[in-house]
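J.: Please see the structure below; I have some questions.
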Amino acid sequence: MKMMKNSILVCLIAFLFFALSSCKKDSSIPLPLPLNQHYFGLDAERYIIYNVIEINHDENAVIKHDTLYYQLKTFIGDTLVDNEGRIARKFYRSKRPDIFSAWVITDLWTAIIENNKAELVDENQRMVKLVFPISSSKLWNINQFNSFEQADAYYDFIFSGKTINGLFFDSTVRVEQEKERNLIAYKRKFEEYAANVGLIRKVYKDLTIMNFDTLNVKSGKEIFMDIVEYGN
């Protein structure tokens, strides 16, 4: 009887070990550390390179739809004290017209995560890019801390996989910023972020149009940014 009990106990232990060792995390579920803040990409010396298309529309200009192609590089630098007296990260932006040209630093911004908000300070204007933890129920004002008019954002396509320019990201999220289309205006703005990387795509359209026709653009700006490289 004692040998039978011992055998049953051994079998139970073996079963539990097998069950636990065979459990695997679903790769579609984001890492839990810490409250999804790794989607903002604030690791020191993190760089991201984007291909950018910028279109400036003006029906009264010589070039009515002036299109620029260039590359943009962001780089996370050392810490500093920002304009709110907080310890933030330096956020460098550099540009070049093509891959054969040297990078030229164009901006030095600051970035910080505080009170479960990811902020980017552009020309002394604080913008709330992300709020944590990420969920479909989140709604926030991007311009909460600046002088611009209220601009509410929310999450969509949460923790979905995405491939951009041959780069695969197993967990991304979209920040929807603006969707508006009427008789004379078309606005479409969103950003996409990947876990352990940061911003991977941006679409910005703020256009004056005619008769609901998004192809009949009178004035405005369009910006399309897609990641092509990143690392530390």
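J.: Among the residues of the range 209-216, is any free of Cβ contacts under 8 Å to residues at least 40 places away in the same chain, touching a Ser or Thr at 6+ places or on another chain (Cβ under 6 Å) and either of a type in the set (Ser, Thr, Tyr) or within 22 Å of Leu120 (Cα to Cα) (or both)?
T.: No: zero hits.
J.: Now, a different point. Being among the acidic types (Asp, Glu), open to solvent by 50 Å² or more (accessible area, probe 1.4 Å) and under 29 Å from His65 (Cβ atoms) is true for just one of Asp213, Asp152. Which residue is that? Let's see the steps before the verdict.
T.: On the way: Asp152 fails: under 29 Å from His65 (Cβ atoms).
None of the other options fit; the residue is Asp213.
J.: Among the residues of the range 183-190, is there at least one that is crowded, with 19+ Cβ neighbours inside 10 Å, touching a residue at least 60 places away in the same chain (Cβ under 8 Å) and part of a strand (DSSP E or B)?
T.: no
J.: Determine which single condition Thr163 fails, assuming it passes every other condition in (1) over 22 Å from Pro34 (Cα atoms); (2) over 15 Å from the mean Cα position of the chain (by Cα); (3) open to solvent by 30 Å² or more (accessible area, probe 1.4 Å).
T.: All conditions are met except number (2).
J.: Moving on to the next point. Would you pick out the residues in the range 41-93 that are more than 17 Å from the chain's Cα centre (by Cα), open to solvent by less than 80 Å² (accessible area, probe 1.4 Å) and aromatic (Phe, Trp, Tyr)?
T.: Hit for the range 41-93 is Tyr70, nothing else.
J.: Let me ask something else about it. Would it be correct to say that Gln177 is open to solvent by less than 80 Å² (accessible area, probe 1.4 Å) and out of contact with any Gly (no Cβ under 6 Å at 6 or more places or on another chain)?
T.: yes
J.: Pick from Gly220, Gly231, Gly198: which is surrounded by fewer than 19 Cβ atoms within 10 Å (Cβ to Cβ), under 23 Å from Lys73 (Cβ atoms) and touching a residue at least 24 places away in the same chain (Cβ under 8 Å)?
T.: Exactly one residue qualifies, and that residue is Gly231.
J.: Name the pairs whose Cβ atoms lie under 9 Å apart, with the first residue in the range 55-79 and more than 27 Å from Thr110 (Cβ to Cβ), the second among the aromatic types (Phe, Trp, Tyr) and open to solvent by 80 Å² or more (accessible area, probe 1.4 Å), and 6 or more positions between them or separate chains?
T.: From the range 55-79, no pairs qualify.
J.: Something else about it: Condition test on Tyr193, is it touching a residue at least 60 places away in the same chain (Cβ under 8 Å) and assigned to a strand (DSSP E or B)?
T.: For Tyr193, the condition - touching a residue at least 60 places away in the same chain (Cβ under 8 Å) and assigned to a strand (DSSP E or B) - is met.
The values are calculated or read from the model by the stated rules, or taken from the named source; none is laboratory data. All figures in this text were calculated on a predicted structure; none of them were measured in a lab. Note that each Cβ is placed from the backbone with ideal geometry, even for glycine, and that neighbours are counted across all protein chains shown. Note: accessible area is taken over every heavy atom of the protein model, side chains too, but ligands, DNA and RNA are not part of it. Shrake-Rupley method; radii C 1.70, N 1.55, O 1.52, S 1.80 Å.
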